[in-house]
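Engineer: I'd like to ask you about the structure that follows.
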Amino acid sequence: MSLLHMITGEMLLVPGVEMKDHGDEEVELHVGGKSFAHIHSPDRIELRLPPDLKEVMIHQGTVSRSPEVHDREGWVILKLGPRPDLRRIMRILQQSYQFASATV
């Protein structure tokens, strides 16, 4: 099973999460009609985080800034690397989901 399928399978178990499939290697996750993550398998996930957490995670090197327009909207890039840590990925996606669902 691919990393993309594992991630989406887990996230679709979360109440209210919906998926929009954009082809073999790209999926968009929504809650309440609001996009909170774009999975660009196999190399990165773009997701929205609350401003304070976003800045902390950027400073720690966990995520990197998105291009300016998306950065202002709270988007960051999580690079997956050659050996992605599924537990860490899911924890960050949960934080993105919680932020998005709180603003719906």
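Engineer: Residue by residue, what Karplus-based ³J(HN,Hα) values in Hz, rounded to whole numbers, does the stretch 44-59 have, using 6.51, -1.76 and 1.60 with θ = phi - 60° and x for Gly and Pro?
Structural biologist: Per residue, the Karplus-derived 3J(HN,Hα) values read 7, 10, 9, 8, 9, 10, x, x, 5, 5, 4, 5, 4, 5, 5, 4 Hz.
Engineer: Sorted by accessible area (1.4 Å probe), largest first, how do PHE99, PHE36 line up?
Structural biologist: In descending accessible area the options line up as PHE99, PHE36.
Engineer: Now for a separate question. Could you give the dipole magnitude of the chain about its Cα centre, charging the beta-carbon of Lys and Arg +1 and that of Asp and Glu -1, in debye to the nearest 20?
Structural biologist: 360
Engineer: List the residues, sorted by chain then number, that are 5 or more residues from LEU80 or on another chain and whose placed amide H is less than 5 Å from its amide H.
Structural biologist: Placed amide hydrogens put ARG44, ILE45 under 5 Å from LEU80.
Engineer: May I pose another question? Please give the solvent-accessible surface of ASP24 in Å², to the nearest 10, using a probe radius of 1.4 Å with every protein chain present.
Structural biologist: Counting only protein heavy atoms, ASP24 exposes about 140 Å² to solvent.
Engineer: OK, next. Among GLU46, GLU28, GLU68, which one moves the most in a GNM of the chain with springs linking Cα atoms closer than 10 Å?
Structural biologist: The residue that fluctuates most here is GLU68.
Engineer: Continuing with this model, one more query. If you average the C-alpha positions of the stretch 4-34 and of the stretch 40-87 separately, how far apart do those two centres end up, in angstrom?
Structural biologist: Cα centres, the stretch 4-34 to the stretch 40-87: 17 Å.
Engineer: Where is the GNM fluctuation largest for the chain (alpha-carbon springs, 10 angstrom cutoff): VAL76, VAL56, VAL31?
Structural biologist: VAL56
Engineer: Please enumerate, by chain and number, the lysines with C-alpha under 20 Å from the C-alpha of LYS79, excluding those fewer than 8 residues away in the same chain.
Structural biologist: Within the straight-line limit of under 20 Å, LYS79 reaches these lysines: LYS54.
The values are calculated or read from the model by the stated rules, or taken from the named source; none is laboratory data. The structure presented is a predicted model; accordingly, all values stated were derived computationally and were not measured. So basically every Cβ, Gly included, is an ideal-geometry build from the backbone, and we count neighbours across all protein chains shown. Accessible surface areas use protein heavy atoms only, side chains included; no ligands, DNA or RNA. Shrake-Rupley method; radii C 1.70, N 1.55, O 1.52, S 1.80 Å.
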